[in-house]
1. Going Cα to Cα from K194, which lysines come in below 20 Å? Please leave out same-chain ones fewer than 8 positions away.
2. How many percent of the accessible area of the chain is carbon or sulfur, using a 1.4 Å probe?
3. Let me spell out the model: positive unit charges on the Cβ of Lys and Arg, negative unit charges on the Cβ of Asp and Glu, origin at the Cα centre of the range 18-323. What dipole size does that give, in debye rounded to 20?
4. Quick check for me: using +1 on Lys/Arg Cβ and -1 on Asp/Glu Cβ, what's the dipole size of the range 73-177 about its Cα centre, in debye to the nearest 20?
5. Looking at V340, L495, L68, which one has the Cα that reaches farthest to the positive end of the dipole of the chain (charges on Cβ: Lys, Arg +1; Asp, Glu -1)?
6. By accessible area of protein heavy atoms, probe 1.4 Å, what ranking do M24, M125 get, highest first?
7. Choose one of L264, I79, L298: the residue whose Cα lies farthest towards the positive end of the charge dipole of the range 18-323 (beta-carbon charges +1 Lys, Arg; -1 Asp, Glu; about the Cα centre).
8. How large is the helix-only mean residue ellipticity at 222 nm for the chain, computed as the sum of -39500 (n - 2.57) over DSSP H runs with n ≥ 4, divided by its residue count, in deg cm²/dmol to the nearest 500?
Amino acid sequence: MHMLKVYGRVLGLLRPEWRRCALMLACSLAIAAIGFLDPVLFGRVVDLLSRSASLPPEQLWPEAASLLGLWAVVGLAGIGAGMAVALVADRMAHRARMREMSRFFSHALSLPAAFHGKVHSGALMRILTSGTDTLFHLWLGFFRDQFVGFLSVLVLLPLTMLLNWRLSLALIALVLLFGALTAFVIGRTQALQKGAEQCHLKLAASAQDAFANIAVVQAFTRLAAERRSFAALQGAALAQQFPVLNWWAVISILTRSASTLAVLSIVVLGTVLHLRGQASVGEIVSFMGFAAMLIGRLEGLVWFASKLFAHVPVLDEFFAVLDAHSAVPEAPRAAPLHAVAGRVVFDEVGFAYPNGPAILAGVSFTAEPGRVVALVGATGAGKSTAMTLLQRGWDPVGGRISIDGQDLRAVTLESLRGAIGVVFQDSLLFNRSIRENLLVGKPSGTQAELEQACRLAEAHDFILRQPQGYDTLVGERGGTLSGGQKQRLAIARALLKNPPILILDEATSALDAATEAKVTRALKALMAGRTTFVIAHRLSTVRDADEILVFDAGRIAERGGFDALVAQGGVFAALVASQMPAAAEPVVVPFPAARAA
Ligand SMILES: Nc1ncnc2c1ncn2[C@@H]1O[C@H](COP(=O)(O)OP(=O)(O)OP(=O)(O)O)[C@@H](O)[C@H]1O
Ligand SMILES: [Mg+2]
């Protein structure tokens, strides 16, 4: 059964702590045995008392003392074992939760864009927190209650057969009834519970989405609408959850009734057997004790089953993330990339997103070391996608990409990405200080290096004007900075990284003309000696690129130098004309030609 498989996997996560687990299982075993001994000793005491009138005191007292002494020792041992379990189990569960959290966190971070495009970050957060919380409670519950519960039912129950098999049949019938009822309810409500969890994931994603886009929510007066759609999701979650709760309420009533019936039948059966001389009063008392213990354990197990059942969908999501594979796995014998020169070759590269249309087809070009290659073309033509492939965000579906003769699929991801600096189309910043955001480019960077990069990127002055200078927090995704400021930080970050290959995806699009001119001068310094890809809609920006690739619907329609392309009178010439219709000579902020290394 799926639920048991998931539970097995949950417990299997404790393998690194197997020594402690073994200790706790031993303690639990002792607790279970004591739970069994308790009613046996009680029955003995009752039997002794019923014989007390016919026993001489010198025989009665020693027998009573040894029984009571044993009972006391057993009780104390139970307390000791219980304490040991509580102490060790809590610590271990806390440690293991942190361990699984880290594993999940680093695994999710390593998953490709394909995964993160599908799973909303809000849902991912919920899976992380509720998944690890669930693990924590299941581990703790296992050592505190469930293991003893399983033992009592599976091992000790058959042992009652040895005491009085007729009476133990009543207990076995009770266990079977509990099991059947639980299985029935689980079967009835599984789909509903999964649906409820899906609603919770959507709730988390929707809340996170609204928080992340708070400006849109407020500017478009979406408050009421967002609240309504949130409430609708909540309604859907409850609509799925309530029937499940009803079923479990029915179960708890039925199991209660079954327990009462079982106790009654032991009394009746016991009386009949006693009258026939097939059971002593002590045995009946012992069985009453067994019944009470078993009923307690069984009710605990049914409760546990209902909890586990409610959590299985959360765990399914949790394990699904852990099991998700990277779409760009590293080859088993991947070698570090030796990108000294930075010669980039696209050879008949084709690409499509999974189950999507072709985005790139037959894209071939060579970027010689130190050259500037510009990618231009209509929006959605595939320029950013081509550069994502160069960073191996995805693998091409056809053709190959190589750097200095090494196929990207044969090199380690870390070395590949270490060799490429990117200024993204959206300047992505962490909700950390400016300094920390810059150090992402070079963790060992000194303050002098930071400042130098920021001066080149025309960012130093505005940083100093921030309340805490370099230590100013930039807010979520850099929310407290202007678009141009974010872009300049992104450029400074790439400058610090100092990679042999550079990708500038609309790197200066958010800057005013004067600042762009200054930043462009800085980029000149940055581009010198490295292979640079410039994506730009403002064609003036690519005036002096060594080669311009004109993308049109995923293909390279034209290629060449700026002037040659304009003279050609094709797609590029039309683009240029549309941007600078009035100017006979285009007004350009020239990109200084980069020199080969
Ligand atoms: N993660 C994704 N999943 C599916 N399709 C995508 C994804 N990212 C981009 N696309 C699609 O791929 C096509 C090319 O997108 P791309 O971002 O490469 O265009 P672009 O040339 O950089 O455009 P722009 O100039 O607007 O930045 C678009 O049709 C886009 O919808
Ligand atoms: Mg783009």
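1. Straight-distance partners of K194: K5, K118, K202, K307.
2. 63
3. Its charge dipole is roughly 620 debye.
4. Using Cβ point charges on Lys, Arg, Asp and Glu, the range 73-177 gives about 220 debye.
5. Farthest towards the positive end: L68.
6. Values: M24 0, M125 100 Å².
The ranking, largest first, comes out as M125, M24.
7. The residue sitting most towards the positive pole is L298.
8. Roughly -21500 deg cm²/dmol at 222 nm, from the helical runs in the chain.
The values are calculated or read from the model by the stated rules, or taken from the named source; none is laboratory data. These numbers were taken from a predicted model, which means no experiment stands behind them. Ideal geometry is used to build each Cβ from the backbone, glycine not excepted, and the neighbour counts take in all protein chains shown. Please note that ligands, DNA and RNA were not included when accessible areas were found on the heavy atoms of the full protein model with its side chains. Shrake-Rupley method; radii C 1.70, N 1.55, O 1.52, S 1.80 Å.
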